[in-house]
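The block underneath contains the structure these notes are about, expressed in structure tokens.
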2 protein chains.
Amino acid sequence: MSTAKNNKPTESELEILGILWEKGSGTVRDVHEILEKSKDAGYTTTLKLMQIMHEKGLLKRDTSNKTHVYEAAISQESTQQQLLNKMIDTVFNGSASQLVLQALGNHRSSQEELDKIKQYLNEIEQQQKK
Amino acid sequence: MSTAKNNKPTESELEILGILWEKGSGTVRDVHEILEKSKDAGYTTTLKLMQIMHEKGLLKRDTSNKTHVYEAAISQESTQQQLLNKMIDTVFNGSASQLVLQALGNHRSSQEELDKIKQYLNEIEQQQKK
DNA sequence: ATTTGTTTACGAAAATATTCGTAGATCAAT
DNA sequence: ATTGATCTACGAATATTTTCGTAAACAAAT
């Protein structure tokens, strides 16, 4: 494996990753403007954070222009999975389905979403049957 | 609401809460011995942590005997929900079902668990239909 | 070419979280 | 009543994370 992901992102770093996963890529200013909506921090704070993340290998960046453009260097899926696993382990007594039930319970999901989940459940069952 | 839960548990505190939720209650030694299996810390470290958690209102304790007995002061469910919400928000683009799919995907669930989830999905649909 | 605004780099302060050493209390067994 | 084991309390050192001030580079507009 090439991408070093020994460094697990901190809370603040996760917020930035979340933004970049959604946007695809962006400058410090782009990220900062979104971050500002839910948080209260100065521009250089965001900058510093993203620089650290780059050092750690959490972000890639293009420095060919004066204003650098960043993007996530670790995949959203693997990060999600890592966080889920830890969460299931420490807070859900090791039971993934307990987590699923809890997640479905308080988040009113759309019919469309529910259908997608059902369909997925069927696929899983088919796989296990054979 | 009586129980002050302004203080969100830290990483280490969550581990302790997880143990106490599962055990119901326990002494510092009880908790420490379980913690030791997955972690490497001294006894007084665990003690101090649990004392801090008591101050914060995360744990209750019975001091009538020399060896104090602790238990969680915040509910597992509400803590789970809080963590899930934040996680959905920052890492799953706000989509609960995306989290559910990811959780089901890599965690091979038992048929029994899958049935429980399906049943639950049906209940949710019934509720929404009316 | 000077000013203005925006950017990066850097260092270090401030805030939080984790760890542990040491002292004193308590109790059981010698 | 002295020893040994175990416990709590407390303070402080470490480590980690977050925050921001300041300086220098750069470009666009005056």
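The values are calculated or read from the model by the stated rules, or taken from the named source; none is laboratory data. This is a predicted model, so every value here is computed, not measured. Quick reminder, even Gly has a Cβ in these numbers, built from the backbone with ideal geometry, and neighbours come from all protein chains shown. The accessibility values were calculated without ligands, DNA or RNA, using every heavy atom of the protein model including side chains. Shrake-Rupley method; radii C 1.70, N 1.55, O 1.52, S 1.80 Å.
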Q | Pseudo-label separations to other copies for A:VAL69 - Cα-to-Cβ vector, 7 Å, nm | A | 6.3
Q: Kindly sort A:LEU47, B:LEU99 by accessible area of their heavy atoms, largest first, with the probe set to 1.4 Å.
A: A:LEU47, B:LEU99
Q) Relative to the first principal axis of the alpha-carbon coordinates of chain A, what is the inclination of helix A:96-106, with its axis defined by its Cα atoms, in degrees from 0 to 90 and to the nearest 10? A) 80
Q: Keeping every protein chain in place, order B:TYR70, B:TYR120 by accessible area at 1.4 Å, biggest value first, i.e. largest first.
A: B:TYR120, B:TYR70
Q.
What does the copy distance list look like for A:ALA41, label position 7 Å along Cα→Cβ, in nm and ordered from shortest?
A. 2.4
Q.
Rounded to the nearest 100 Å², what is the buried accessible area between A and B, both sides summed, probe 1.4 Å?
A. 4600
Q) How large is the charge dipole for the protein assembly as shown, taken about the Cα centre, if only the Cβ atoms of Lys, Arg (+1) and Asp, Glu (-1) carry charge, to the nearest 20 debye? A) 200
Q.
Please find, among residues of chain A, the one with the beta carbon closest to the rotation axis relating it to chain B, distance in whole Å.
A. A:VAL100, 3
Q. Given only helices, namely DSSP H runs of n ≥ 4 each adding -39500 (n - 2.57), what is the per-residue ellipticity at 222 nm of chain B, to the nearest 500 deg cm²/dmol?
A. -21000 deg cm²/dmol
Q: Between copies, how far apart are the A:ASN7 label points? List them in nm, one decimal, shortest first, with each point 7 Å from Cα toward Cβ, please?
A: 3.1
Q.
Projecting each Cα onto the charge dipole of chain B (Lys/Arg +1, Asp/Glu -1 at the beta carbon, about the Cα centre), which of B:ILE117, B:ALA103, B:ASN85 comes out farthest on the positive side?
A. B:ASN85
Q | Cα shape, the stretch A:24-96, gyration tensor, a/c 1.5 rule | A | prolate
**Q.** Neighbouring partner chain Cβ atoms per residue of A:113-120, average, 10 Å criterion
**A.** 5
Q. Once a ≥ b ≥ c are taken as the square roots of the eigenvalues of the Cα gyration tensor of the protein assembly as shown, is the result rounded (a/c under 1.5), prolate (a/b larger than b/c) or oblate (a/b not larger than b/c)?
A. oblate
Q) Using modelled backbone amide H atoms (1.01 Å from N, in-plane), which distant-in-sequence or interchain residues come within less than 5 Å of B:LEU59's amide H? A) B:HIS54, B:ALA73
Q: Compute the accessible area of each residue in the stretch B:57-96 twice, once for its chain alone and once with every protein chain present, using a 1.4 Å probe on heavy atoms, and list those whose area falls by at least 40 Å².
A: B:GLN76, B:GLN80, B:GLN81, B:LEU84, B:MET87, B:THR90, B:VAL91, B:ASN93, B:ALA96
Q. Within straight cross-link reach of A:LYS23, meaning Cα distance under 23 Å, which lysines are found once same-chain residues fewer than 8 apart are removed?
A. A:LYS5, A:LYS8, A:LYS37, A:LYS39, A:LYS48, A:LYS56, A:LYS60, A:LYS66, B:LYS86
Q) Per residue and in Å³, how big is the convex hull formed by the alpha-carbon atoms of chain B? A) 170
Q: Skip the ligands, DNA and RNA, and give the accessible area per residue of the protein assembly as shown with a 1.4 Å probe, whole Å².
A: 59
**Q.** Of all accessible heavy-atom area on chain B, the percent that carbon and sulfur account for (1.4 Å)
**A.** 45
**Q.** Shielding by partners, peptide A:14-22 (average Cβ within 10 angstrom, other chains)
**A.** 3
Q.
Can you give me the distance in nm between label points at A:THR45 and A:LYS8, each placed 7 Å from the Cα along the Cα-to-Cβ direction?
A. 2.4
Q: Determine the relative contact order of chain A: mean sequence separation of Cα pairs under 8 Å and six or more apart, normalised by residue count, in whole percent.
A: 21
Q | Label-point separation in nm, A:ASN65 to B:LYS37, each point 7 Å along Cα→Cβ | A | 5.4
Q: Taking amide H positions as placed in the peptide plane 1.01 Å from N, state which residues far from A:PHE92 in sequence (5 or more) or on other chains have amide H under 5 Å from it.
A: none
Q: Any chance you could look up the accessible area of B:THR90 with a 1.4 Å probe, heavy atoms only, rounded to 10 Å²?
A: 30
